[in-house]
There are 4 protein chains.
Amino acid sequence: MWIEIDNKLKAEFQFDSFVSAFAFMTKVAFIAEKMDHHPNWSNVYNKVSIELSTHDAGNIITEKDHQLAREIDKLLK
Amino acid sequence: MWIEIDNKLKAEFQFDSFVSAFAFMTKVAFIAEKMDHHPNWSNVYNKVSIELSTHDAGNIITEKDHQLAREIDKLLK
Amino acid sequence: MWIEIDNKLKAEFQFDSFVSAFAFMTKVAFIAEKMDHHPNWSNVYNKVSIELSTHDAGNIITEKDHQLAREIDKLLK
Amino acid sequence: MWIEIDNKLKAEFQFDSFVSAFAFMTKVAFIAEKMDHHPNWSNVYNKVSIELSTHDAGNIITEKDHQLAREIDKLLK
């Protein structure tokens, strides 16, 4: 579901409503804050797009991005 | 799952984590705000307790409470 | 603070932390859901970018967008 | 603003609306999750009541509770 492109790890998620999309974002926000590793993400209605890269490493994909991606995937199981 | 007691509609919900419990609360909060009918609720870790009654009707259970309870149940399906 | 560009009403907001930015987004989300008019928005760390246009009117700026923009501004007073 | 009673640190907070109260709860939730120390709290409309004690220490007030209380107070400055 995640693809690597332009030195970013990207994924798109779709939900049944804006409320479901935003509740998902809330869970991701908790994880991101706990890891102190925050996504570049956008939302429109029921869709959420997430891009992950590591600013401190020069905006490339690092193990932190893969870890956050795995935690996000766990939310959807 | 909902019981009527002391002129209130009550239910308890348990989740796998605090984050899941709070994401559920976020969804309920959206519904409550949209209906302009707000719960009396509490949370500790992964548990959420909700009590519904209608203040404007003299703190008794009304159709609005049953409607909010049904909307909350839908979130868990 | 809002500018009109490419048939969209756009604004950027900056906060003291990711948590403050996300709490602002939560408030905006409540307003958007209540109005049934949802933004196209993005966040990275403490920054939130919001774009408003009306899909049902052919992706142009309508009174609904101006109204949502005003409500968002009220949150920051 | 916080009082010690029954081995708990308690405070009540009032806001201008349910949405403001819930946005405050969202911020507190982030802090609590990050500290892995969660409140026993309740909300009705624009009011939030928070009780803090440390389960692992036998439900008494510990330094963790005072620390969480200080972090919550910072949110309101």
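The values are calculated or read from the model by the stated rules, or taken from the named source; none is laboratory data. Remember, it's a predicted structure, so these values are computed and weren't measured experimentally. Here Cβ is always computed from backbone atoms with ideal geometry, including for glycine, and neighbour counts include all displayed protein chains.
Brief remarks on what is shown
- Restricting the stretch A:37-49 to residues that are under 16 Å from A:Ser20 (Cα atoms) and more than 7 Å from chain C (Cβ to nearest Cβ), the residue that is surrounded by the most Cβ atoms within 10 Å (Cβ to Cβ): A:Val48
- Total residues in the stretch B:32-65 satisfying the condition of being touching a residue at least 12 places away in the same chain (Cβ under 8 Å) and either under 10 Å from the mean Cα position of the chain (by Cα) or not in a helix (DSSP H, G or I) (or both): the figure is 20.
- D:Val28 vs. criteria part of a helix (DSSP H, G or I), of a type in the set (Val, Ile, Thr) and surrounded by 15 or more Cβ atoms within 10 Å (Cβ to Cβ): yes
- Residue selected from the stretch D:4-31 under the condition within 10 Å of chain B (Cβ to nearest Cβ) and more than 14 Å from the chain's Cα centre (by Cα), by the criterion nearest to C:Lys34 (Cα to Cα): D:Val19
- Verdict on D:Ile72 being surrounded by 18 or more Cβ atoms within 10 Å (Cβ to Cβ), in contact with a helix residue (DSSP H, G or I) (Cβ under 8 Å, 6 or more places away or on another chain), away from chain B (no Cβ under 14 Å) and in contact (Cβ under 8 Å) with a residue 40 or more places away in the chain: yes
- Looking across B:Ile5, B:Ile60, one residue alone is surrounded by fewer than 18 Cβ atoms within 10 Å (Cβ to Cβ), in contact with a strand residue (DSSP E or B) (Cβ under 7 Å, 6 or more places away or on another chain), more than 20 Å from D:Val28 (Cα to Cα) and at pLDDT 95 or above. It is B:Ile60.
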